[in-house]
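The values are calculated or read from the model by the stated rules, or taken from the named source; none is laboratory data. What you see is a predicted model, and the numbers here were worked out from it, not measured in a lab. Glycine gets a Cβ as well: all are built from the backbone with ideal geometry, and neighbour counts include every protein chain shown.
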Amino acid sequence: MRRLSYIGLVMLGLVLFDGALAQARRQAPNSSATVQVDAERGRAVFNGKGVCYYCHGIDGNKDQRPQLAADTAALIDQLNPPPSDLRNRKGLRLATDKARFNAIREGHPGTGMFPDTTMTTQELTDTLAYLAFLRSEGSAKRK
């Protein structure tokens, strides 16, 4: 009987944890909570924990990918469609930060981009600020 109660408690904990995780995933940028954004912190996430730079290049330079294992680099090279050039506004598929937030958190269907549930909401919001910087910097270079 105790074992059954223990299993029930574990299951309840998993259900509650899953609900909290789902709520965190639904939380979008610019929600009612005041969030301080920092593009430089976003840069560190982009080029580190977020592993965005594996496919999109170091600092969003598609031609400057990090040193990757040969099989990983080969898989990235075979992605269809290829990873977006984050510095070229015209080539971007996602038009809003909300869409970008959801694509990072939940993955981007029809592409090789997988969900990233390891980033905190703050890290993701900072990364969006860094992506905005890349778009503005890229637009300035293309003029």
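Note on the stretch 88-133: residues that are under 14 Å from CYS52 (Cα atoms), surrounded by 15 or more Cβ atoms within 10 Å (Cβ to Cβ) and among the aromatic types (Phe, Trp, Tyr) amount to 2.
Of the helices (runs of 4 or more DSSP H) contained entirely in the stretch 1-109, those carrying at least 1 residues that are out of contact with any helix residue (DSSP H, G or I) (no Cβ under 6 Å at 6 or more places or on another chain) and at pLDDT below 90 fall at 2-26. Under the condition of being over 9 Å from the mean Cα position of the chain (by Cα) and part of a loop (DSSP other than H, G, I, E, B), the residues counted in the stretch 119-130 number 1.
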